[in-house]
1. For a quick check: sort Phe130, Phe62 by the number of other beta carbons within 10 angstrom, fewest at the front.
2. Averaged over all directions, how much area does the convex hull of the C-alpha atoms of the range 125-266 cover when projected, in nm²?
3. Suppose the Debye formula is applied to equal point scatterers at every Cα of the range 210-269; what is log10 I(q)/I(0) at q = 0.13, 0.15, 0.25, 0.29 Å⁻¹?
4. Under 21 Å between alpha carbons, and skipping anything fewer than 8 positions from Lys316 in its own chain: which lysines qualify?
5. Distance in nm between label sites at Lys213 and Lys100, each 7 Å beyond Cα in the beta-carbon direction?
6. What is the extension gain from Gln151 to Asp164, computed as 0.36 nm multiplied by their sequence separation minus the C-alpha to C-alpha distance, in nm to one decimal?
7. Would you kindly calculate the mean projected area, averaged across all directions, of the convex hull enclosing the Cα atoms of the chain, in square nanometres?
8. At 222 nm, what helix-only mean residue ellipticity would the chain give, in deg cm²/dmol to the nearest 500, using -39500 (n - 2.57) for each DSSP H run of four or more?
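Each reported figure results from applying straightforward, stated rules to the coordinates on display, with no laboratory input. In this text the structure is predicted, and so the values were computed from the model without any measurement. Reconstructed Cβ throughout: ideal geometry from the backbone, glycine too, with neighbour counts over all protein chains shown.
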Amino acid sequence: MTLHRTRRLAAVLAAGSFALTGCYSDAGQGNVATADEGLSGALAGAGSSAQSAAMQTWIAGFQGSNPDVTVNYDPVGSGGGREQFAEGGVDFAGSDRAMKPEEITEAAKRCPGGTVVNLPLYISPIAVAFNLEGVDQLNLRPATIAKIFNQKIQKWNDPALAADNPDTKLPDLAITPVNRQDDSGTTENFTDYLAATAGADWPYEPDGVFPVKGGEAANGTSGVIQAIQAGNGAIGYADASQVGELGVVAVGVGEEFVTYSPEAAAAVVEASPREEGREEGDVVVELERDTVEGDQYPVVLVSYSLACTTYEDPKKGELVKAFLAYVASERGQQAAAGAAGSAPISAALRTEVLASIERIGSA
C-alpha cells in the first residue's frame with residue numbers, strides 16, 4: 001500500500017463551553033423542527049473533547065435558523081460528560097465510548113418513563129502522534145506501540161523501531177510517553193486497540209483511565225497535544241483532527257503499515273458489526289480492531305451522543321431531537337468532515353440513527 005499523509009485542520013479549542021443557536025430542517029433527514037415552528041429555549045451538553053472541532057462546526061451549521069435557541073457544550077471529557085448526563089446536569093452528552101447497559105440502567109432514572117440511547121455520530125481516527133526532531137512519520141507495529149506506552153521500550157533507537165524504519169535515522173534519545181490524565185473515551189478506544197492487537201505486550205483491560213503510571217499525563221485532547229509539542233522525544237495519542245504538524249505513526253495492519261485517514265477509519269467501522277444485546281434504538285458498533293485489511297485503520301474512535309428517549313420538559317425533548325437530527329444529517333456530517341477530518345457516517349448507519357432520534361420526545 002502506498003503510504004500517504006492526511007493533515008487535519010488544527011482546531012484545538014480552549015477549555016470551557018461554547019454556544020450555538022438555531023434549529024435545523026432538511027428534507028429527507030427525518031422529522032426535524034423548523035424555524036417557523038417557533039423553537040425557543042436552551043440546551044446544555046458536555047463530554048468528549050475529541051468532538052470539539054466537529055462540535056464547533058455543528059454549532060456554526062445549526063445557529064442560523066432560530067436565534068431563540070441556545071445550546072451550550074462543555075468539552076470536559078467523556079467521563080465527565082457521562083457523569084453529568086447521568087446526574088441530570090446536562091440534556092445530552094458526548095462520549096468516546098458507548099454507555100454500558102448497567103450505566104444506562106442507572107442513567108435512565110433521569111429519563112421519566114424512558115431510557116438512554118447511544119447514537120454514533122462522530123467517527124475519527126486516533127493518531128499516535130510524536131515530536132521527534134527531523135522525523136515526521138514512523139512505522140510501528142501494535143506490539144511496539146504497546147511496549148512504548150507500557151514503558152518497556154524507552155529509547156527511540158530501540159531495535160524494534162529501527163527494524164521497521166530502516167531508512168530513518170533514529171536518535172539515542174529517551175521516549176516520553178504522554179497519556180490522558182482524565183477519564184477519557186479516547187484512552188478507552190486506544191487501550192481497546194492495544195488489548196485487541198498487541199497480545200501479551202499489553203496485559204491490561206480496555207479502560208478510560210490509563211493503566212500505566214510513570215509517564216507524562218495531561219487533561220483533555222488539547223492538553224495531550226500541548227504536552228507532545230512541548231518536548232522533543234514525546235509520543236502520545238489523540239483525536240487525529242487536532243495533531244497539527246506533529247509526526248504521526250503508520251500502524252501495522254497485517255503485513256502493511258497504514259496511516260490514518262477518514263476513509264480508512266470509515267472502512268473499519270463499516271466492516272464492524274453492531275454490539276449484540278442492546279435495546280431497540282441503542283446503536284452501538286463493535287469495532288473489529290484486529291483487522292488485517294490494508295485499507296482499514298483500526299485505531300479509531302466512534303464517539304456517541306447520549307440522549308434520553310423521554311424528557312420531562314417537552315421543549316427539551318424537541319430541542320434535543322432537532323439538534324441531533326442536524327448532527328446526523330448528511331449536511332451536518334459533511335460539515336464536520338470538512339472542518340475536523342472526521343469520517344461521515346454511512347447511509348445505512350444514518351438510517352438507524354435517525355430512527356432512534358425519532359423516538360426522542362417527552363414523558
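1. Phe62, Phe130
2. Approximately 7.8 nm², given one-decimal rounding.
3. Taking Cα atoms of the range 210-269 as identical point scatterers yields -0.43, -0.57, -1.12, -1.24.
4. Within reach: Lys109.
5. 2.2
6. Details: separation 13, 0.36 × 13 = 4.68 nm, distance 1.89 nm.
Additional length available on full extension: 2.8 nm.
7. 16.6
8. Details: 11 runs with 111 residues, N = 363.
When only DSSP H runs of four or more count, the value is -9000 deg cm²/dmol.
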